[in-house]
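Worksheet for the structure shown next.
Values in this text are rule-based calculations from the coordinates and carry no lab data. Remember, predicted model here, so these are calculated numbers, not experimental data. Here the Cβ is made from the backbone with ideal geometry for all residues, glycine too, and neighbour counts use every protein chain on show.
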Amino acid sequence: MILVTGGAGFIGSHFVLDWFDKNLNPNFHNQQIIVYDALTYAGNLQNLNAVCKEPNFVFIHGSIADRDLLAKTLYKYRPKWVINFAAESHVDRSIAGAGDFINTNIVGTFTLLEAVRTYFNSMIPGEETQSFRFLHVSTDEVYGSLSPNDPPFAETHQYQPNSPYSASKAASDHLVRAWYHTYGIPCLTSNCSNNYGGLQFPEKLIPLIIHNALRLKDLPIYGDGQQIRDWLFVKDHCSALRLILEKGKVGEVYNIGGNSEKTNLQVVNTICEKLDQIKPRADGKSYKTQIKFVKDRPGHDRRYAINATKLQRELQWKPSETFESGIEKTILWYLDEQNKTWLENVISGDYQNWIKQQYKCK
Ligand code: NAD
Ligand code: TYD
């Protein structure tokens, strides 16, 4: 039995879909999975269409800031593991207004930890308490920004968050650490680099660029486009999380990264080149002609890079996709006719308002 908070978002839904994949998780028939999600603009039950009819799948619509509902859920289903993906996750939105980030990422994580603490303390010490795990899914952005020659972030790197988003995630990581040290809750934390893949809301760089390119819209690059991110294919993040749940050491932090540092301009150029091959523009021009340098993001972190050797050494994890293979899969996912309805649904409503506000365009 596993409780997945935020399981209807981008990474959470991949985690759930992979849970039901017999090649990745041969025991899934014997395990119940409870997805608990507030379904904000970023949460989408359609992501889980392929598994929502499975007899061992349960969905609960609720917030991690709702202590009563959390308590009812925990006592009713008695999960062995809790994995927390629930968060506000977009840096630009956190700059436009940080309130939801404080409420969900900080107060929500606190509320979830308190509900889990009461639940954990109600267990009879023994097998149940020994196997219980709370895995908090976090980000490399808590470590701040690297200079070009700095070594990649190790787990021991100082926390230096620079955006309201990363500050709120940093606060949540500290709460998790304290609930382990003070109350003995069997917590683990993972800090992962930038993810990409299908089902990602097209406000983040990669899906936004694919989406805009195909609609012949501008491809907005903030500042000089030389900021570096360490990209990881989402399924590789999920495989690392499964290993950490199964074999990770309680109280530890694990960094997860793709060893794939790219500047934003390199990422956008790669997408344009792949699209030029797979789906050339009718006028024969390259998608690169749509690139537009726009005003930089305030407080924009220059470089993130992850040192994932601890995870490789202790849990024998390594990513299965390179950036080149992962980006091709991602582009093909967004081009697939079957995924058109998904895209049409997520780009209606709130999405239009966000794009107008952020890019001052239609
Ligand atoms: P997302 O924005 O796509 O999904 C977040 C999910 O959380 C949505 O389903 C949303 O409905 C749900 N949610 C939001 N507020 C909630 C609340 N109060 N209660 C319950 N559910 C709530 O995010 P994502 O990209 O899938 O990221 C998942 C987690 O992984 C986040 O914690 C994020 O910080 C972390 N992370 C993301 C990345 C990345 O590149 N996307 C990288 C590293 C870590
Ligand atoms: P994003 O996908 O928002 O992830 P994060 O800010 O969490 O790293 O952005 C990735 C990089 O792309 C980041 O350096 C900001 C940049 N970016 C653009 O240049 N243009 C855009 O329109 C967006 C959304 C991001």
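Calculate, for Asn121 and Glu273, the FRET efficiency according to 1/(1 + (r/R0)^6) with r their C-beta to C-beta distance and R0 56 Å; round to the nearest 0.05.
The formula returns an efficiency of 0.50 here.
Report the rotationally averaged projected area of region 295-358 based on its alpha-carbon convex hull, in square nanometres.
Its Cα hull, projected and averaged over all orientations, spans 7.7 nm².
Set the Förster radius R0 to 51 Å, insert the Cβ-Cβ distance between Leu69 and Val294 as r into 1/(1 + (r/R0)^6), and round the FRET efficiency to 0.05.
Working from the Cβ atoms, E equals 0.80.
Where a ≥ b ≥ c are the square roots of the eigenvalues of the C-alpha gyration tensor, would you call the chain rounded, which needs a/c under 1.5, or, failing that, prolate if a/b is larger than b/c, or oblate?
Values: a/c = 1.69, a/b = 1.49, b/c = 1.13.
In terms of gyration-tensor shape, prolate.
Using a Gaussian network model of the chain with C-alpha springs under 10 Å, which one of Val176, Val116, Val294 is most mobile by mean-square fluctuation?
Val294
What residues have an amide H closer than 5 Å to that of Tyr36, excluding those fewer than 5 places away on the same chain, when H is modeled at 1.01 Å from N in the peptide plane?
Hits under the 5 Å cutoff: Val4, Thr5, Gly6, Gly7, Ile60.
Please list 295-306, 238-249 highest first by mean number of surrounding beta-carbon atoms within 10 Å per residue.
238-249, 295-306
Towards the positive end of the charge dipole of region 220-305, with charges on Cβ (+1 Lys, Arg; -1 Asp, Glu), say which of Gly223, Ile278, Ile244 has the farthest Cα.
Of Gly223, Ile278, Ile244, it is Ile278.
Can you spot the lysines whose alpha carbon is less than 28 Å from Lys247's alpha carbon? Ignore those fewer than 8 places along the same chain.
Lys22, Lys76, Lys80, Lys169, Lys235, Lys310, Lys318
Working only with C-alpha atoms, what are the Rg and Dmax values of region 1-141, expressed in angstrom?
Answer for region 1-141, Rg first and Dmax second: 15.0, 47 Å.
Got a sec to turn the phi values of region 168-175 into Karplus ³J(HN,Hα) couplings, 6.51 cos²θ - 1.76 cosθ + 1.60 with θ = phi - 60°, whole Hz, x for Gly and Pro?
6, 5, 4, 4, 5, 4, 5, 5
Can you list the HN-Hα couplings for region 344-360, worked out from phi with the Karplus curve (6.51, -1.76, 1.60; θ = phi - 60°), rounded to whole Hz and with x for Gly and Pro?
Going residue by residue, I get 4, 5, 6, 8, 8, x, 4, 4, 4, 4, 4, 4, 4, 5, 6, 10, 6 Hz, with x marking Gly and Pro.
Report the residues of region 219-250 in range of a label on Glu128: point 7 Å along Cα→C-beta, backbone N strictly under 11 Å from it.
Hits in region 219-250 for Glu128 at 11 Å: none.
If you average the sequence gap of Cα pairs under 8 Å that are 6 or more apart and divide by the length of the chain, what percent do you get for the contact order?
Rounded, it is 17 percent for the chain.
Between Asn149 and Asp224, what is the label-point separation in nm under the 7 Å Cα-to-beta-carbon projection?
1.7
At Met1 and Thr341, where each label point lies 7 Å from the Cα along Cα→Cβ, what is the point-to-point distance in nanometres?
3.3
Given the DSSP H assignment, sum -39500 (n - 2.57) over each helix run of at least 4 residues in the chain and divide by its residue total; what's the result at 222 nm in deg cm²/dmol, nearest 500?
So the helix-based figure for the chain works out to -11500 deg cm²/dmol.
Quick query: amide H of Arg303 versus all other amide H atoms, modeled in the peptide plane; which residues come in under 5 Å with a sequence gap of 5 or more or a different chain?
Under 5 Å from the amide H of Arg303: Leu146, Ile228.
Karplus couplings for region 102-113 from phi (6.51 cos²θ - 1.76 cosθ + 1.60, θ = phi - 60°), rounded to Hz, Gly and Pro as x?
In residue order, the calculated couplings are 5, 5, 7, 6, 9, 5, x, 5, 4, 5, 5, 4 Hz.
Roughly what % antiparallel, to the nearest 5, for the DSSP beta bridges in the chain?
Values: 3 of 38 bridges.
Restricted to the chain, the bridges split so that about 10 percent are antiparallel.
In the chain, with Lys and Arg counted as +1 and Asp and Glu as -1 at Cβ, which of these residues, Tyr77, Gly126, Gly144, has the Cα nearest the positive end of the dipole, that is, farthest along it?
Positive-end residue among those listed: Gly144.
Note the full-extension length gain between Asp350 and Lys247 as 0.36 nm times their separation in residues minus their Cα-Cα distance, in nm to one decimal.
Using 0.36 nm per residue and subtracting the Cα-Cα distance, I get 33.1 nm.
Please list, in chain and number order, the residues 5+ apart from Thr139 or on another chain whose amide H is under 5 Å from its amide H, with Hs placed from the backbone.
Correct list: Cys192.
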